[in-house]
1. Looking at the stretch 74-87, which of its residues are surrounded by 15 or more Cβ atoms within 10 Å (Cβ to Cβ) and in contact (Cβ under 8 Å) with a residue 12 or more places away in the chain?
2. Filter the stretch 44-73 down to residues that are among the aliphatic types (A, V, I, L, M) and open to solvent by 30 Å² or more (accessible area, probe 1.4 Å) and give me whichever is nearest to SER88 (Cα to Cα).
3. Kindly provide the set of residues from the stretch 57-73 that are touching a residue at least 12 places away in the same chain (Cβ under 8 Å) and among the hydrophobic types (A, V, I, L, M, F, W, C), ordered by number.
4. Of all the residues that make up the stretch 43-96, how many are at positive phi and either of a type in the set (D, E, K, R) or over 13 Å from the mean Cα position of the chain (by Cα) (or both)?
5. I'd like the full set of residues that are closer than 13 Å to CYS76 by Cα and at pLDDT below 75, limited to the stretch 6-64.
Amino acid sequence: MKMASALLLLSALLAARAVPAPRLACYKRALGGHGCGSLPQAVATLRPVDQSLQDHFWEGEGCDTICYCGLSELLCCPKNIFFGPKISSVIPCNSQ
C-alpha cells in the first residue's frame with residue numbers, strides 16, 4: 001500500500017511539472033541592422049514609452065510588454081518583470 005501511495009504521489013509530481021508556467025517570459029529579437037532611433041518606424045508594433053525613457057518601447061496594442069533596444073538586439077518582457085510591480089504601475093502608457 002505504501003508503494004502504491006508513493007507511486008501515485010510521484011506521478012502527480014511529474015504531471016505537475018509538465019504543465020506550462022502561467023507567467024510570460026522575456027525574449028530577445030535581433031535588430032536586423034536598425035538603430036534604436038529608427039526602430040519604431042521599422043517595426044510597426046513598437047511605440048516609444050516616454051521621452052525620459054530613451055530606447056524603451058511598448059510592443060503591441062496595449063501596454064503589457066515593454067522592449068529595450070540594446071546594441072544588437074531588442075529585449076522584450078512583460079512590464080511587471082522588466083520594471084518590477086512597484087515601478088511598472090507608474091510608467092505612463094502610450095497606447096497611440
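1. Narrowing the stretch 74-87 to residues surrounded by 15 or more Cβ atoms within 10 Å (Cβ to Cβ): 74, 76-83.
Once the filter is applied, which keeps residues that are surrounded by 15 or more Cβ atoms within 10 Å (Cβ to Cβ) and in contact (Cβ under 8 Å) with a residue 12 or more places away in the chain, the stretch 74-87 yields LEU74, CYS76, CYS77, PRO78, LYS79, ILE81, PHE82, PHE83.
2. By that ranking, first place goes to LEU53.
3. The answer is PHE57, TRP58, CYS63, ILE66, CYS67, CYS69.
4. In the first step, residues of the stretch 43-96 are kept if they are at positive phi; the result is 55, 60, 84.
Filter again for either of a type in the set (D, E, K, R) or over 13 Å from the mean Cα position of the chain (by Cα) (or both), leaving 55.
Summing the residues that are at positive phi and either of a type in the set (D, E, K, R) or over 13 Å from the mean Cα position of the chain (by Cα) (or both) in the stretch 43-96 gives 1.
5. LEU24
The values are calculated or read from the model by the stated rules, or taken from the named source; none is laboratory data. Because the structure is predicted, anything quoted here is derived from the model rather than measured. Don't worry about glycine lacking a Cβ; one is built from the backbone with ideal geometry, like all the others, and counts go over all protein chains shown. Note: accessible area is taken over every heavy atom of the protein model, side chains too, but ligands, DNA and RNA are not part of it. Shrake-Rupley method; radii C 1.70, N 1.55, O 1.52, S 1.80 Å.
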